[in-house]
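Okay, structure first, notes after.
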Amino acid sequence: MQKSFSDRFDSWIFDSFHVSPGGLALFRIFTALMILFFLMPAESLFVTLGGLPDDFYNPPPGPMMLFSSFPPASFLLGVHALLTGSLIALLLGFYTRWSSLLTGILMLVLKGFIFSIGKINHDLLISVVPVIFAFSSWGRVYSLDSWLGRNGETAGTGGDSPENDGAGTELQADVAQAEPEKKTEQEKEEKTESWPFSLLALFIGFMFFTAGFPKILGGWLNLSTQATRGHFFNQYFPKERTDLMAEAALGWDSMFFWEFLDIATIVFEVGFLLAIFHPRTTRLFICIAVVFHFSTMMIMNIAFLFNFIAYAAFLNWDWVNKKLETLLPHSGWYPFRGWIWGAGLGILFSAILAVSSQGVFIDQSDMISYEVIMLASAFVLAIYGLLSAVFRIGLFGKNPAESG
Amino acid sequence: MNRKTVKRIFIFFLFFLPLQYGLIGVVSLYHSEPWPAFIFPGFKNVYVFEADTYAIVDLEFQAWCEETEETVVMDPLSLFNDIPRSQSQGFLRMNFRDRDKAGGFNEQAVNWLKKVAENRHPGHRFTRLDAVWTENYYTGPSRTAGADSTHEINRITIPL
């Protein structure tokens, strides 16, 4: 029987992506650590901002216009410290919903002042991810909330199935029953909020569309203009972004190559908006986005690591969780799996920072070595993802509840 | 959050996203781009001047030292090296492209600029700072060596 539009709409929102609380919790830990290790604005920048004259305060139209100058460095450093605290709470799953919201809001506040220098960096997704996943179930397990029995903090509604409409407290009621531990684990695994993934996909798809559409108006599809090459020159000469493959690209004279990049960029960016309505094409386009960012980094030395926590949401976190279960099979290990995952990531990220401090790969440009390492790793994963999305296996494979 | 609320959130965003995009287009015509907004950068420019020639706008600062009667040329990335490079183009555009804005800097801003310039070049006492905007043309194979011609398009003088 043919589904009605309303059924299809519901199915897209609620059934496109299914991730267990365990998988979501691993994503939460990954997100918090990614921001803490790599994506926090540098403290030294706030000292610079605090010392800038009032005449250099150029807020973009919006809420930052409520201020007339940069606040003192001590204020910005205080917000930075609060953000660090909320990220640690998010990492540990402590008051997870509130710490998620606070993380997004504080990040917005800091970014608002940074962008009042006169340039917006379009990294909104770093604030959006914690805010929308505050309403998922990413703090329900592997968290202090769960350990303290405060599941109501992150339980959400269990809203994936129609019969759970608005029944957010069912889980808490079950917890209080006899043999709570065993039943809780089972219940926890069953009910999750998956709509934040669809909402995030909508945001990403729309935002890519807004990147592609002006290019069409600007003349990128005109065969006599190779706009990508023009942008490459604009990065190479005035901004001195000359590392990695930039110097080699300076000598690439093939008109067909540069025109192909112009057309492929528009097809990818505009096409993303259509891709989001199907989970497998969403994942496919996420992989292409990683390849796109990687090639932009190699040629133009622009590493846009901020977006990668949003892209990472579409990894098959249940697959990672299952692997963790295989490694730590005993039920006694259950609460510790998250901590072990976090510790493992922490060690890996520390190692990357240690390598990065040697300044490898970078000579002239403003990139940081760890950005190159992270994007190169993501590129390898994306190539694997493109293959596994096609063959429906492994890290990007089909989830049990995936409708497509 | 129940399913009805979630559906309402989605319906809201399905209308809001294109609306805010249209609004951004209108506001950007008269002012800079609004923030926060659900958009990625458009990079609309093609930079093509004519066949096989790319025109890239650049900026350099020229500081005049009266005592030594010397003009010191400064690269903006080095002069303002505390500003992140990803922000620097916006910082330079917003502050040094418009004659009214740069010519009308208050005493605090002028003193700050003087201090920054003199810190980068110790021993100099600068009395004037020129922001010189140029359009650089990159043509044919010789472009690998840099711009093959340059045209000054704007010069803004800031007395220090």
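The values are calculated or read from the model by the stated rules, or taken from the named source; none is laboratory data. Bear in mind that the values here come from a model prediction, so they are computed numbers and not experimental data. Every residue, glycine among them, receives a Cβ derived from its backbone with ideal geometry; neighbour counts consider all protein chains shown.
Assorted remarks:
- Test: residue in the range A:233-243 that is in contact (Cβ under 8 Å) with a residue 24 or more places away in the chain, of a type in the set (Ser, Thr, Tyr), surrounded by fewer than 20 Cβ atoms within 10 Å (Cβ to Cβ) and in contact with a Leu (Cβ under 9 Å, 6 or more places away or on another chain): yes
- Inter-residue pairs, beta-carbon under 9 Å, first more than 24 Å from B:ASN2 (Cβ to Cβ) and in the range A:136-150, second among the small types (Gly, Ala, Ser) and at pLDDT 90 or above, 6+ apart: A:TYR142/A:GLY22; A:TYR142/A:ALA25; A:TYR142/A:GLY93; A:TYR142/A:GLY338; A:TYR142/A:GLY342; A:LEU144/A:ALA89; A:LEU144/A:GLY93; A:TRP147/A:GLY93
- The listed residues are B:VAL110, B:VAL132, and the only one of them that is of a type in the set (A, V, I, L, M, F, W, C), under 23 Å from A:LEU45 (Cα atoms) and at pLDDT 95 or above turns out to be B:VAL110.
- Subset of the range A:27-82 [aromatic (Phe, Trp, Tyr) and closer than 30 Å to A:TRP341 by Cβ]: A:PHE27, A:PHE30, A:PHE37, A:PHE38
- Pick from the range A:229-249, criterion at the interface with chain B (Cβ under 7 Å from one of its Cβ atoms) and out of contact with any Phe, Trp or Tyr (no Cβ under 9 Å at 6 or more places or on another chain), ranking: nearest to B:ARG85 (Cα to Cα): A:LYS239
- Search result, residues across the range B:33-50 that are more than 25 Å from A:GLY62 (Cα to Cα), at the interface with chain A (Cβ under 7 Å from one of its Cβ atoms) and among the hydrophobic types (A, V, I, L, M, F, W, C): B:VAL46, B:VAL48
- Within the range B:1-96, helices (runs of 4 or more DSSP H) holding 1 or more residues that are out of contact with any helix residue (DSSP H, G or I) (no Cβ under 8 Å at 6 or more places or on another chain) and β-branched (Val, Ile, Thr): B:3-30
- Residue that is modelled with the lowest pLDDT, among those in the range A:113-172 that are among the hydroxyl-bearing types (Ser, Thr, Tyr) and in contact with a Gly (Cβ under 6 Å, 6 or more places away or on another chain): A:THR157
- Residues that are within 7 Å of chain B (Cβ to nearest Cβ) and either in contact with a strand residue (DSSP E or B) (Cβ under 7 Å, 6 or more places away or on another chain) or assigned to a helix (DSSP H, G or I) (or both) were ranked within the range A:214-228; the one that is surrounded by the fewest Cβ atoms within 10 Å (Cβ to Cβ) is A:LEU217.
- Residues satisfying the stated conditions in the range B:59-101, i.e. at the interface with chain A (Cβ under 7 Å from one of its Cβ atoms) and among the β-branched types (Val, Ile, Thr): B:ILE83
- Filter result for B:ALA109 (assigned to a helix (DSSP H, G or I) and either surrounded by 16 or more Cβ atoms within 10 Å (Cβ to Cβ) or more than 18 Å from the chain's Cα centre (by Cα) (or both)): yes
- Filter pass, A:PHE285 being under 23 Å from B:VAL46 (Cα atoms), buried (at least 20 other Cβ atoms within 10 Å of the Cβ) and at pLDDT 95 or above: no
- Taken over the range A:250-264, the criterion of being crowded, with 18+ Cβ neighbours inside 10 Å and more than 9 Å from chain B (Cβ to nearest Cβ) is satisfied by A:TRP258, A:GLU259, A:LEU261.
- Every residue from the range A:106-132 that is of a type in the set (A, V, I, L, M), within 17 Å of A:LEU45 (Cβ to Cβ) and part of a helix (DSSP H, G or I): A:LEU106, A:MET107, A:LEU108, A:VAL109, A:LEU110, A:ILE114, A:ILE126
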